[in-house]
Amino acid sequence: MDRLAVIAAESERFAEVLSDVNPDAPCPTCPEWSAADLLWHLVNVHVFWAEILGRGVLDGAELEAVEAAKPARPDTVAAMLPLRAEATAALLDQLERRADDEPCWSWWPADQT
């Protein structure tokens, strides 16, 4: 299984579905979130990890700079969709550039790759 192809396909499908949903529709599994919140979460996750990988973060002390690099949330889903595409492309690019065993910070102390 090509993990990068899976991330690309699933992210595209995720955005496709959310582009046709009322942005205020509640998310069944996260009742406090709307469909727009869920899409923005995906953008943030992809931006975060693309930055972690791109900056070669090895220590939690560097997270403040990663968080500061996140874009501001747009007002509409239509404006979020291109950001999602850019964030996913950046993440995939960074994942493709790195070896699986290359050191990298993560929340899981047992495996910092």
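We did not get these values from a lab; they are worked out from the coordinates using the rules stated. Here the structure is a predicted model, which means the values were calculated and not measured. Ideal geometry is used to build each Cβ from the backbone, glycine not excepted, and the neighbour counts take in all protein chains shown.
In this structure, the amide hydrogen of TRP33, modeled 1.01 Å from its nitrogen in the peptide plane, lies closer than 5 angstrom to those of CYS27, counting only residues at least 5 positions away or on a different chain. Peptides 78-89, 42-53, 102-113 ranked from most to least packed give 42-53, 78-89, 102-113, packing being the mean of other C-beta atoms within 10 angstrom over each peptide's residues.
Projecting label points 7 angstrom from Cα along Cα→Cβ for GLU32 and ILE7 puts them 2.8 nm apart.
Between ALA79 and ALA99, the C-beta separation translates, for a Förster distance of 30 Å, into a calculated FRET efficiency of about 0.25. Working from Cα positions, state the angle (0 to 90°, nearest 10) between the long axis of helix 77-97 and the longest principal axis of the chain. So the inclination is approximately 20 degrees. Distance between the pseudo-spin-label points of VAL17 and TRP108 (7 Å out from Cα toward the beta carbon): 2.3 nm.
Kindly provide the helix-only [θ] at 222 nm of the chain, computed as the sum of -39,500 (n - 2.57) over DSSP H runs of four or more divided by all residues, to the nearest 500 deg cm²/dmol?
Values: 4 runs with 65 residues, N = 113.
That calculation yields -19000 deg cm²/dmol at 222 nm.
The alpha carbon centroids of segment 93-111 and segment 50-76 are separated by 15 Å. Of the listed values (1) 44, 25, 25; (2) 41, 33, 24; (3) 49, 30, 20, grab the one calculated as Cα extents along the principal axes in Å from the structure here. Read-out from the structure maps to (2).
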